[in-house]
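Here is the structure we will look at.
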Amino acid sequence: MDSLKNLIYAKQTKRKRVSSYDRTGGNDDRYYIAPGETVVIADIKGAGIINHIWMTHQNGDFVEEKNSLRKIQLKMYWDGEENPSVLAPLGDFFGMGHGLCKNYVSAPLQMSPQDGKALNSWWQMPFGNGAKIEITNECDQRLILYFYIDYEELESLPENTLRFHAAWHRELPTQGHDEATFRDHNAWCFEGNNTTGEENYVVLEAKGKGHYCGCNINIHNLNTSNLWDWPGEGDDMIYIDGEKWPPNIHGTGTEDYVNMAWCPTQEYSAPYHGLILGGDDNWKGKITYYRYHILDAITFEKEIKVTIEHGHNNNRSDDWSSTAYWY
């Protein structure tokens with residue numbers, strides 16, 4: 001990735017862009033996508049690297065449809081592949097779940113400015129023989145979409161260049177354990193022994209050689225208790241190349257995996273970790289974290305399975321969703 005330090009060196013690439021500009025020369029610089037319609041917004045030939053994507057949208061007559069960011073599907077294909085390497089709802093791909101927009105800044109993804117109406121990605125997306133990006137509108141109203149897709153055109157890619165992937169997953173609800181079977185709420189939150197990881201929420205399961213670059217995690221607390229209701233007591237467990245429990249990468253809690261501590265609610269965004277949405281009183285409502293392994297990517301030779309407990313011992317039944325990123 002470029003930095004201020006290496007801007008002094010000459011680059012042997014050509015900078016190009018695909019955008020929604022008005023081809024007639026007018027000012028109608030947007031695409032209109034009907035409900036149920038899929039539109040190819042970029043079909044790039046040859047080799048290159050997409051290094052920036054900007055998007056913003058509205059519905060119908062500029063009245064945004066509820067949960068529209070969950071109803072707009074983003075797909076990306078590299079080198080003529082039949083199945084997309086990127087498949088996620090638009091908002092989730094850009095780092096924020098629940099069908100919401102929220103101001104935040106990370107190194108690879110950002111929503112800005114006020115009200116988070118603009119979506120930006122800085123993930124590097126190489127392709128050796130073509131790139132195609134599609135948008136599917138699953139909203140009830142017409143979609144109005146503005147976008148830039150900035151890329152560098154190359155003669156060819158280095159032989160060992162990996163391809164970018166992103167995948168969304170959701171469990172509604174996670175299959176927890178009945179609170180009534182525990183002697184009290186404290187036991188439901190803290191007791192039980194998970195020695196297999198088999199019931200963990202799965203963030204990513206992938207085959208082949210590559211490296212995992214992190215995820216965003218969204219939790220909607222579905223518990224109705226007025227007792228202590230922290231939903232994030234689950235450990236992260238990352239299984240590499242067929243490991244059995246306990247894996248070599250075994251964590252101590254949800255907030256610990258996202259580099260925070262002590263059941264946080266204060267919203268905070270840093271380059272590689274953050275809490276975009278802190279939830280309501282007693283951690284009710286909706287929460288969004290992110291953890292991006294940019295400086296500490298997790299490598300695998302044959303396969304990887306990234307998991308996390310939904311509550312200690314997978315005791316809780318909540319609405320979990322996530323988007324994982326890897327090469």
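Every number here is computed from the coordinates shown, using simple stated rules; none is lab data. Keep in mind that what you see is a predicted model, and the values were worked out from it rather than measured. Note: ideal-geometry Cβ built from the backbone for every residue, glycine included; neighbour counts use all protein chains shown.
Please compute the Kirkwood hydrodynamic radius over region 213-266, one decimal place, Å, based on all pairs of different Cα atoms. Don't skip to the answer; put the middle values down first.
Values: mean 1/r = 0.0766 Å⁻¹.
Over region 213-266, the inverse of the mean reciprocal pair distance is 13.0 Å.
When Rg and Dmax are taken over the Cα atoms of region 251-327, they come to 13.5, 43 Å. Show me the GluC sites (Glu not before Pro) within region 286-317 that DSSP assigns to loop and that have at most 11 other Cβ atoms within 10 Å of their Cβ. Those satisfying the criteria are 301. Give me log10 I(q)/I(0) at q = 0.14 Å⁻¹ for the chain, Debye formula, one equal scatterer per alpha-carbon, no solvent. So the normalised log intensities work out to -1.15. Please go through the residue pairs 11/117; 66/284; 5/207; 117/286; 5/305 and name each one whose alpha carbons sit more than 24 Å apart in this structure. Long pairs (Cα-Cα over 24 Å): 11/117; 5/207; 5/305. Working from label points 7 Å from Cα in the Cα-to-Cβ sense, the residue 115 to residue 10 distance is 4.8 nm. Taking GluC sites (Glu not before Pro) across region 98-191, the ones in a DSSP loop with at most 11 further Cβ atoms lying within 10 angstrom of their Cβ are 155, 159.
Run the numbers on the chain and let me know its relative contact order in percent, using alpha-carbon pairs under 8 Å that are six or more apart.
On the way: 830 pairs, mean separation 74.8, N = 327.
Contact order relative to length: 23 percent.
Computed from backbone phi with θ = phi - 60° and the Karplus coefficients 6.51, -1.76 and 1.60, the 3J(HN,Hα) list for region 105-111 is 9, 10, 5, x, 9, 8, 10 Hz; x is used for glycine and proline.
Are there trypsin sites (Lys or Arg not before Pro) in region 185-254 that DSSP marks as loop and that have at most 15 other Cβ atoms within 10 Å, and which are they? Loop-located and lightly packed - 209, 244.
Compute the Cα gyration tensor for region 38-99, then decide on rounded, prolate or oblate, letting a ≥ b ≥ c be the square roots of its eigenvalues: rounded whenever a/c is under 1.5, prolate when a/b is larger than b/c in the other cases, and oblate in all that remain.
Details: a/c = 2.16, a/b = 1.92, b/c = 1.12.
Prolate, since a/c reaches 1.5 and a/b exceeds b/c.
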